[in-house]
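All remarks here apply to the structure that follows.
The values are calculated or read from the model by the stated rules, or taken from the named source; none is laboratory data. The model shown is predicted, which means the values in this text are computed figures rather than measured ones. Cβ atoms come from the backbone with ideal geometry, glycine included; neighbour counts cover every protein chain shown. Remember, those area values only see protein heavy atoms, side chains included, never the ligands or the DNA or RNA. Shrake-Rupley method; radii C 1.70, N 1.55, O 1.52, S 1.80 Å.
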Amino acid sequence: MKELEIIELQEIPIEEIVSFSKLDTSPVITILYDLNYGLFNKFVVIADELKLVFFLVKGTNKIAVIGTEKVALKIARLLQVKTQVMYYSLLKPKKILGKIYTPKRNSNYVVQAFDENGKPTEPFINTEIEIVNCDNLSKYTFRNYKYYVSVRGSKNNKIENCQLLRDKRRNFTLTGKI
């Protein structure tokens, strides 16, 4: 049995989240847009079951999910909310069947936005902002199955088996059911 480190639910400014996503060591950050009280409660139930790491975006109805991009996108489609995915990637050429293919992007910073139905759309969060210090987010080393976000005093931070949790997340992305 593995015990996850507890992170109390926090509000973090959007500037810090965007700045953190531009770091080359940061994980993928998915922002779920415009969650009302009922949708937030549904999200918390799913996130608690799947042990997702997330933060509230200060002064908005948005949630930033750290890592687990596919699971966060599936949750967004289930709740029918818009999402934006932000991450820093390396532009390495790939060798496929003896031929070298170079990426078609001209920037290492990738921003993708999706509407309520999961179809690509224009980004709705401005990422062209001045870089700020990431004091809150940089104190964590985000790895799989390391942290647990405590909401409303719940302390269910133990997982029996990482493989079972991985299978549960994979099953959720395929079927949409926990």
If N is the residue count of the stretch 5-57, its Cα Rg over 2.2 N^0.38 Å rounds to 1.22
Using a 1.4 Å probe on heavy atoms of the protein chains only, the accessible area for LEU174 in Å², nearest 10, reads 130
Over 32 Å (Cα to Cα) among LYS58/LYS168; LYS58/LYS94; LYS62/LYS99 -> LYS58/LYS94; LYS62/LYS99
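Round to the nearest 0.05 the FRET efficiency obtained for GLU11 and LEU78 when R0 = 41 Å and r is the Cβ-Cβ distance.
Computed FRET efficiency for GLU11 and LEU78 comes out at 0.95.
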Sorted on mean Cβ neighbours within 10 Å (highest first), peptides 47-56, 125-134 come out as 47-56, 125-134
One checks the Cα atoms of the stretch 9-97 and finds Rg and Dmax, in Å, of 14.1, 51
